[in-house]
Structure formats: C-alpha cells, structure tokens
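Everything below concerns the one structure shown next.
A short reminder: the numbers here are calculations on the coordinates, not readings from a lab. As the structure is a prediction and not an experimental result, all values here were calculated from the model. FYI the Cβ positions are ideal-geometry reconstructions off the backbone, even for glycines, and counts take in every protein chain you see.
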Amino acid sequence: MNIFVLTGAGVSAESGLGVFRGQGAALWKLYDPMQLATPEAFALDPRLVHEFYNARRRNLIAASPNAAHVALARLEAGLAQRGGALTVVTQNIDDLHERAGSTSVIHMHGELLKARCASCGAVSDCRDDLAVDSRCGCAGALRPHVVWFGETPLFMDEIYAALEAADLFVAIGTSGAVYPAAGFVRTARAMGLRCCELNLEPSDNADEFDDRRYGPASEIVPSWVEEILAL
Ligand code: OAD
C-alpha cells in the first residue's frame with residue numbers, strides 16, 4: 001500500500017511548537033501574519049520578522065518529536081517491509097518528522113533550520129539567529145527558508161506525483177484553511193482515493209473525508225498506524 005500523509009501544525013503541537021489556528025492559544029491569534037509572514041512584511045521590517053523566526057528556531061532546537069512523529073516513522077518502515085511506501089508532505093517548517101526517523105518528507109512550506117539568500121537563492125543550514133546584516137557568500141541578505149503568504153509552495157510537482165501513486169490520503173493536524181494544501185483532499189477524492197482525517201477537531205473541510213478521528217495526535221496517530229500495519 002502507498003500512503004500519502006499531509007501533516008500540519010497539530011502533529012507538532014504536543015512537542016510544544018504551537019499551532020496557528022484552532023481552539024486555545026494559537027500563533028495567528030497572538031500575531032498578525034501579514035506583519036510577519038509575507039515578503040512585504042520582510043521588506044518593511046526585516047528585524048521584526050527575523051525576531052519572530054529566531055524565537056521559533058530556538059524553540060524548535062529545544063523540542064523533541066512526539067509519539068505521532070514516531071508512529072509515522074514506524075509506518076514508513078512497516079510499509080517498506082511490505083513493499084509499499086509512505087510519503088509525508090508537511091506544511092510544517094520543523095524537522096521533527098526527520099528526527100523521529102522519517103526519511104521521505106517533503107517540506108512544502110520550507111524549513112526553519114535553513115536560510116535562503118534573497119539575491120542568489122542559495123539555501124544553507126541555519127541553526128543560529130538571523131539578523132538584518134546576515135549575509136550569503138555572494139553578499140546578498142539572508143532570509144528564513146520558509147514560504148510566506150503570497151509565495152508559491154515548494155515541490156508541487158513531486159507532491160502531485162506522490163498523490164497519483166497513493167492508495168490512501170491522510171491529513172493529520174491541519175485546519176484545512178491554507179491552500180493549496182487544503183485542496184489536496186479534493187484532488188485525492190477526484191482520483192478515487194479513500195481519505196482519512198486525524199485531528200483534534202473537525203477541520204474546515206472535514207466533510208470531504210470518508211473516515212474522521214478526533215483527539216490528540218500523540219494518541220490517535222499511533223493507534224491508526226497500528227491498525228494500518230495490522231491489515
Ligand atoms: P493550523 O494551526 O491552521 O491548524 C492546526 C490544526 O491542528 C487545527 O485544526 C487544530 O485543531 C489541530 N490540533 C491542535 N492540537 C492538536 C493535537 N494535539 N493533535 C492533533 N491536532 C491538533 O495549522 P496548519 O493547518 O498546519 O503557513 O496551517 C497551515 C499553514 O498556515 C501553516 O503552514 C502556516 C500557517 O499560516 C505559513 O506560515 C505560510
């Protein structure tokens with residue numbers, strides 16, 4: 001079996017990284033995304049944008065994968081043993097899937113532990129704070145290697161190829177509020193795939209899913225993985 005999993009902030013919530021929307025504390029209730037997560041915001045006040053992502057990078061470095069990340073790594077290994085494959089497409093800019101052992105992860109919204117040169121486009125590892133005077137070897141200014149509102153997500157061709165190769169579509173910990181990721185379930189349905197949602201609460205597009213399970217990712221993802229591996 002080939003499984004396509006789309007993950008969002010909810011899969012990392014119990015690792016302490018925060019979500020953007022939903023019940024309780026959420027980043028976009030505390031902050032205005034238009035002042036922090038757009039190219040225009042970076043052009044207007046790069047120091048403010050760097051401070052926001054620097055704080056998130058420090059949190060990420062101190063965080064650990066939770067049981068949901070671990071279960072997805074176990075699913076990848078289990079499917080591979082059976083001649084199948086798991087592709088994790090994540091909207092998350094953290095590296096917790098990789099740290100849990102997943103090897104097939106597509107970061108469609110970029111990666112917090114990388115920086116990109118605004119001039120030459122070179123991408124480099126980045127574990128330290130970025131500042132307005134952080135420079136690439138070509139002298140161009142460095143920015144976080146993340147996709148902001150108004151920018152095109154990464155690896156879309158690879159993502160649609162993985163969807164075409166899949167037998168099952170699963171969305172985990174995502175509110176279904178941000179496109180194009182929120183539209184993957186509709187594409188998957190049009191391809192005849194069965195679709196499953198695992199989330200704390202019904203997402204904006206919950207009606208599109210055949211199977212829905214609600215609860216903390218650290219509980220519902222491991223139990224769903226056990227079911228799949230027992231098939
Ligand atoms: P959201 O914050 O929009 O949604 C997170 C979802 O996870 C919500 O539906 C929550 O109910 C759910 N959730 C919270 N805690 C959970 C838990 N412990 N277990 C399971 N689910 C839980 O996050 P995304 O859908 O990933 O983009 O957001 C999509 C994009 O919007 C992000 O990549 C980011 C944001 O703006 C950019 O910054 C460009």
(request) Please say if the range 44-156 is rounded, prolate or oblate, where rounded means a/c under 1.5 for a ≥ b ≥ c the square roots of the C-alpha gyration tensor eigenvalues, and otherwise the choice is prolate for a/b larger than b/c and oblate otherwise? (result) prolate
(message) Suppose R0 equals 45 Å. What FRET efficiency, 1/(1 + (r/R0)^6) with r the Cβ-Cβ distance, do E226 and R47 give to the nearest 0.05?
(response) 0.45
(message) Let me make sure I get this right: for the range 130-190, a, b and c are the square roots of the gyration tensor eigenvalues over alpha carbons, sorted descending. Under 1.5 in a/c it's rounded, otherwise prolate if a/b > b/c, else oblate. Which is it?
(response) prolate
(message) Multiplying the sequence separation of K29 and D210 by 0.36 nm and subtracting their Cα-Cα distance, what value in nm do you get?
(response) 62.1 nm
(request) For the chain, give the magnitude of the charge dipole about the Cα centre (Cβ charges: +1 Lys/Arg, -1 Asp/Glu; no others), in debye to the nearest 20. (result) 340
(request) Under 17 Å from a label point 7 Å along Cα→Cβ of T152: give me every residue in the range 27-53 with its amide N that close. (result) 39
(request) Report the residue, chosen from L75, L27, L130, that carries the largest GNM mean-square fluctuation when the chain is represented by alpha-carbon nodes joined by springs under 10 Å. (result) L27
(request) Place a +1 charge on the Cβ of each Lys and Arg in the range 111-220 and a -1 charge on the Cβ of each Asp and Glu, then give the dipole magnitude about the Cα centre in debye, rounded to the nearest 20. (result) 280
(request) Quick one: grab the alpha carbon gyration tensor of the range 1-48, order the square roots of its eigenvalues as a ≥ b ≥ c, and give me rounded if a/c is under 1.5, else prolate or oblate depending on whether a/b is larger than b/c. (result) oblate
(message) Positive end of the dipole of the chain, charges at C-beta (+1 Lys, Arg; -1 Asp, Glu), about the Cα centre: which of L75, G22, G121 has its Cα farthest in that direction?
(response) G121
(request) For R194, list long-range residues whose amide hydrogen, built 1.01 Å from N in the peptide plane, is under 5 Å from its own amide hydrogen. (result) F169
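What is the dipole size for the range 159-231, taken about its Cα centre, with +1 at each Lys and Arg Cβ and -1 at each Asp and Glu Cβ, in debye to the nearest 20? Each step should come with its number before you reach the end.
Numbers: 5 positive and 12 negative charges, 34 e Å.
In debye, rounded to 20, the range 159-231 gives about 160.
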(message) So if I take the centroid of the Cα atoms in the range 159-190 and the same for the range 118-146, what is the distance between those two points in Å?
(response) 31
(request) Taking the Cβ of each residue in R56, R127 as the centre, tally the other Cβ atoms inside 10 Å and list the residues starting with the fewest. (result) R127, R56
(message) Based on the alpha-carbon set only, what is the convex hull volume of the chain divided per residue, in Å³?
(response) 118
